[in-house]
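Visitor: Here it is: the structure, laid out below.
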Amino acid sequence: MDKTLFNLHDLILLLSAFESLAIVAFLSLNKSTKTIASFLLIGFFTIRASLSLHELILWGSTFRYWVLDLSPNIFFIFNVSYLLDAPLLYLYSQASLNKDFKLQRQHLLHLIPAVLFIGFLSLTFYSLPLASKTELIKNYTFADFNFVTAEFVAKSIRLGYMLWLVVLLKRYFAQQQPSFVMPVWVSPLIQVYAGIVAWEWLLGCIKVYHSIWGLDYYDVVEIIGLTDYYLIFALTNVAIYLMVTHMAKTEAQKRRQQSQKEPINMDYVGKLEQAMEQDKLFLNPNLSFERLAEKLDIPVKDLSATINRHYQVNFYEYINHYRIQEAKRLLEDPKQSHRSITDIFYDAGFNSKSVYNTLFKKKFNMTPSQFRKKSAASG
């Protein structure tokens with residue numbers, strides 16, 4: 001990993017950390033996500049950001065020396081995060097699937113591996129003189145058998161959490177409907193993340209093997225490590241997209257539910273029906289939603305709510321209903337038999353023959369020409 005330049009690889013780590021922190025900010029500022037599950041998710045993405053920073057500090061060819069100039073003590077501050085992200089994700093899933101979930105003292109047991117790892121780092125690195133720590137960082141000699149083995153144990157525990165979580169999620173969704181459903185896209189993302197954790201565990205296996213017997217093709221370590229960076233970056237971007245989309249849909253649904261609770265203004269309904277049935281405003285082929293609202297002196301938002309909620313259709317469906325009925329009337333009228341189908345669809349307010357034909361056939365299961373012939377034969 002020491003061959004990595006401060007280029008695209010390091011930039012990917014920086015972007016991954018930034019995007020994880022952006023998710024943290026988004027969740028923290030969103031008033032609708034003040035739940036135990038959301039706080040645990042905030043914790044997970046905070047730890048996820050620290051993991052990206054740890055990799056950048058430890059292995060970035062240029063960045064690591066900037067940090068080393070500040071202090072060698074910074075190097076392993078975030079290393080313990082490898083023992084925190086999986087437990088947080090596990091607790092988040094528990095909170096998302098059980099509305100009665102509460103954090104309790106026994107949940108602190110999940111911190112034991114992290115505490116032990118901190119003790120290991122304190123004994124093997126932080127207790128050393130400053131010059132010794134600096135030398136270990138510069139020469140990469142910190143990555144001895146003890147360190148890579150401890151890191152491998154940490155990643156093994158992490159992988160165990162993820163595999164157990166995947167099994168629990170599959171069992172849970174197979175056996176029952178969750179009482180507090182997590183978004184449907186979260187479970188697949190967790191499974192993908194478990195795969196990435198397994199990939200990182202494989203990297204740990206290779207490092208331990210190399211520290212004992214040596215590895216002729218050590219470049220494989222760099223390839224696996226760099227691939228991991230890009231996998232995490234891609235997964236973070238997918239998570240951002242799905243999260244923002246989910247939040248937008250949730251907010252839109254809440255607004256619709258709120259609007260449905262408000263009573264329908266029947267005065268607006270009366271104005272609409274008079275405009276259509278008496279004034280026949282639908283005959284204007286250039287009639288737009290905004291023009292209709294202006295004509296009726298009804299706010300655009302209120303007019304939209306009235307049409308959607310009272311008639312259960314949108315504006316164009318509402319207007320075209322009247323136009324189709326008018327076209328039907330003209331086609332049935334013997335006095336209009338000399339006029340062409342095109343003239344009739346224009347007179348009914350349509351400005352597109354294809355739209356007219358499609359809607360008419362959908363309504364009466366026959367074309368306007370067929371309808372006219374049938375009407376003339378029955379008359």
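Visitor: Can you tell me which of LEU58, LEU109 is free of Cβ contacts under 8 Å to residues at least 60 places away in the same chain, open to solvent by 20 Å² or more (accessible area, probe 1.4 Å) and not aromatic (Phe, Trp, Tyr)?
Guide: None of the others qualify; the one that does is LEU109.
Visitor: Just to be sure before I move on: is LEU15 surrounded by fewer than 22 Cβ atoms within 10 Å (Cβ to Cβ), of a type outside the set (S, T, N, Q) and over 17 Å from the mean Cα position of the chain (by Cα) in the structure I sent?
Guide: yes
Visitor: Can you tell me which residues in the range 332-364 are of a type in the set (D, E, K, R) and either free of Cβ contacts under 8 Å to residues at least 40 places away in the same chain or more than 17 Å from ILE319 (Cβ to Cβ) (or both)?
Guide: GLU332, ASP333, LYS335, ARG339, ASP343, LYS353, LYS361, LYS362, LYS363
Visitor: Okay, moving on. Scan the range 191-210 and give yes if some residue there is more than 16 Å from SER93 (Cβ to Cβ), in contact (Cβ under 8 Å) with a residue 40 or more places away in the chain and hydroxyl-bearing (Ser, Thr, Tyr), otherwise no.
Guide: No, the range 191-210 has no match at all.
Visitor: Restricting the range 112-123 to residues that are touching a residue at least 24 places away in the same chain (Cβ under 8 Å) and under 15 Å from ASP144 (Cα atoms), which is least open to solvent (accessible area, probe 1.4 Å)?
Guide: This residue is LEU121.
Visitor: Can you name the residue in the range 194-205 that is under 18 Å from LEU84 (Cα atoms) and not aliphatic (A, V, I, L, M) and, of all such residues, is surrounded by the fewest Cβ atoms within 10 Å (Cβ to Cβ)?
Guide: GLY195
Visitor: Same structure, new question: Quick check: is even one residue across the range 167-175 hydroxyl-bearing (Ser, Thr, Tyr) and modelled with pLDDT of 90 or more?
Guide: No, the conditions are met nowhere in the range 167-175.
Visitor: Output the residue which, of all residues in the range 206-255 that are over 20 Å from GLU55 (Cβ atoms) and of a type in the set (Gly, Ala, Ser), is surrounded by the fewest Cβ atoms within 10 Å (Cβ to Cβ).
Guide: GLY214
Visitor: Provide a single number: the residues in the range 133-151 that are loosely packed, with under 13 Cβ neighbours inside 10 Å and farther than 20 Å from VAL221 by Cα.
Guide: Going through the range 133-151 one residue at a time, the tally reaches 0.
Visitor: Pull up the range 26-48, narrow it to residues that are over 25 Å from HIS110 (Cα atoms) and among the hydrophobic types (A, V, I, L, M, F, W, C), then point me to the one that is surrounded by the most Cβ atoms within 10 Å (Cβ to Cβ).
Guide: Checked the range 26-48; the qualifying residue surrounded by the most Cβ atoms within 10 Å (Cβ to Cβ) is PHE26.
Visitor: Now for a different question. Take PHE345 and tell me if it is surrounded by 12 or more Cβ atoms within 10 Å (Cβ to Cβ), over 39 Å from the mean Cα position of the chain (by Cα) and either under 30 Å from ALA252 (Cα atoms) or modelled with pLDDT of 90 or more (or both).
Guide: no
Visitor: Looking at (1) polar (S, T, N, Q); (2) open to solvent by 50 Å² or more (accessible area, probe 1.4 Å); (3) at pLDDT below 95, which one does SER71 not meet, given that it meets all the others?
Guide: (2)
The values are calculated or read from the model by the stated rules, or taken from the named source; none is laboratory data. Because the structure is a prediction, the values reported are computed rather than measured. Don't worry about glycine lacking a Cβ; one is built from the backbone with ideal geometry, like all the others, and counts go over all protein chains shown. Protein only, heavy atoms only, side chains kept; ligands, DNA and RNA dropped before computing areas. Shrake-Rupley method; radii C 1.70, N 1.55, O 1.52, S 1.80 Å.
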